[in-house]
Amino acid sequence: MNTTSGIKTMLLTAIAPIVWGSTYIVTTEVLPPNSPLMAALVRALPAGIFLVLFARTLPTGHWWWRLPVLGFFNIGFFFYCLFFAATELPGGMAALVMSFQPMLVMMMSWILLSARITPLQWVAGGVGIIGIGLLVLNQTASLSIQGLLIACLGTFSMASGVVLTKKWGRPQDMSTLRFTGWQLLFGGVFLLPTTLWIEGVPEKITVLNYLGYGYLSVVGAMLAYFLWFRGIEQLPTVTVSFLGFLSSVSACLLGYVILDQALTWTQIFGAGAIFISIVLAIPRSTSTTYSTTLAFSLKRN
């Protein structure tokens, strides 16, 4: 993949975490209160059903178990951990814990994909974690052992999903959009009984609520995950995992613009550190100068 094509793919992939950063505002300002799991369910299941019915392509062979596994790690279990941790860990602690995901992706990529991880990428991971800390933490942040455990499981789930998606690729006769649909479907099926058992159905749903659910399903799931899985397919897994940091940056900026939340210099420095970590994590070509060349690898399994 040439430099121009690689940068374009990276920018398109970055749209996914930027969109996911709007989930907090939509959930708190538009959706029914105290129903985070319902938001996760509606975000995944309707989109999955629509894409599967639209695609009309069935998995074959080992993909009947691989797709449920990917749907579990990338969608179902990750969504559950994400929303649960957010309610148990105030002060952005959940985002800080999950910022360790690139570290896990690097270790798992080295083990499962035989990927070459450079010292600079480990440094980039540390810079990114510091940036997330500056961006989201405050003095009132409190700890919950249960919340920390769930956040750690969610971090492992997302990292596993990214690496396994890269390792297995996708079925040759299945487009990226159809591949996305099946994962959303299986992830939504996992969330369905969990949501109904823990939360149930909201007593009242307004027109505004329906619009919010529609945004989460169409933009937050169909579009964002299509771009995300496309990026995993075409970019190194480490590069994709660092782009996930942009979700926290997006959430803070949207909170400042839409909710009139404070934006401090500490947060600005944190956002800057995140952008630096993303740049440091991009593989460099050994045949050209370090500062001017981007090298993206395409690995299909």
Which of (1) over 22 Å from residue 26 (Cα atoms); (2) of a type in the set (Val, Ile, Thr); (3) in contact with a Leu (Cβ under 8 Å, 6 or more places away or on another chain) is the odd one out, the single condition residue 249 does not satisfy?
-> (1)
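Looking at 192, 148 in this structure, which one is more than 13 Å from the chain's Cα centre (by Cα) and either buried (at least 24 other Cβ atoms within 10 Å of the Cβ) or at pLDDT 90 or above (or both)? Walk me through how you get there before you give the answer.
Working: 148 fails: either buried (at least 24 other Cβ atoms within 10 Å of the Cβ) or at pLDDT 90 or above (or both).
So the residue among 192, 148 that is more than 13 Å from the chain's Cα centre (by Cα) and either buried (at least 24 other Cβ atoms within 10 Å of the Cβ) or at pLDDT 90 or above (or both) is 192.
Residues to consider are 39, 47, 124, 55; find the one that is of a type in the set (Gly, Ala, Ser), at pLDDT below 90 and within 26 Å of residue 248 (Cα to Cα). Spell out how you get there, then give the answer.
Working: 47 fails: at pLDDT below 90; 124 fails: at pLDDT below 90; 55 fails: within 26 Å of residue 248 (Cα to Cα).
Just one listed residue meets the conditions, 39.
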Failed condition for residue 261, given (1) surrounded by fewer than 15 Cβ atoms within 10 Å (Cβ to Cβ); (2) more than 16 Å from residue 24 (Cα to Cα), with all others met?
-> (2)
Name the single residue, out of those in the stretch 240-249 being out of contact with any Pro (no Cβ under 7 Å at 6 or more places or on another chain) and assigned to a helix (DSSP H, G or I), that is surrounded by the fewest Cβ atoms within 10 Å (Cβ to Cβ).
-> 249
Which fully enclosed helices (runs of 4 or more DSSP H) of the stretch 21-122 have 3 or more residues being without any contact (Cβ under 8 Å) to a residue 40 or more places away in the chain?
-> 101-112
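Only one residue in 297, 241, 291, 250 is closer than 27 Å to residue 167 by Cα and modelled with pLDDT under 90. Which one?
On the way: 241 fails: modelled with pLDDT under 90; 291 fails: closer than 27 Å to residue 167 by Cα; 250 fails: closer than 27 Å to residue 167 by Cα.
Going through 297, 241, 291, 250 in turn, the sole match is 297.
For the condition among the hydroxyl-bearing types (Ser, Thr, Tyr), surrounded by fewer than 24 Cβ atoms within 10 Å (Cβ to Cβ) and at pLDDT 95 or above, what is the one hit in 160, 175?
Details: 175 fails: at pLDDT 95 or above.
Unique residue meeting the criteria: 160.
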The condition from (1) at pLDDT below 90; (2) over 21 Å from the mean Cα position of the chain (by Cα); (3) closer than 28 Å to residue 134 by Cα that residue 282 misses is numbered (2)
Is it true that residue 199 is among the charged types (D, E, K, R), more than 25 Å from residue 33 (Cβ to Cβ) and crowded, with 16+ Cβ neighbours inside 10 Å?
-> no
Give the stretch 185-236 a look and list any residue that's in a helix (DSSP H, G or I), within 21 Å of residue 84 (Cα to Cα), free of Cβ contacts under 8 Å to residues at least 60 places away in the same chain and in contact with a helix residue (DSSP H, G or I) (Cβ under 9 Å, 6 or more places away or on another chain), or say none.
-> 196
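Consider residue 221 carefully, then state whether it is within 24 Å of residue 33 (Cα to Cα), buried (at least 24 other Cβ atoms within 10 Å of the Cβ) and among the small types (Gly, Ala, Ser).
Numbers: within 24 Å of residue 33 (Cα to Cα): yes; buried (at least 24 other Cβ atoms within 10 Å of the Cβ): yes; among the small types (Gly, Ala, Ser): yes.
Yes, satisfied.
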Filter result (part of a helix (DSSP H, G or I) and either farther than 16 Å from residue 228 by Cβ or among the basic types (Lys, Arg) (or both)) within the stretch 173-184 | 178
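The values are calculated or read from the model by the stated rules, or taken from the named source; none is laboratory data. As the structure is a prediction and not an experimental result, all values here were calculated from the model. Using ideal geometry, Cβ is built from the backbone for each residue, glycine included, and neighbour counts are taken over all protein chains shown.
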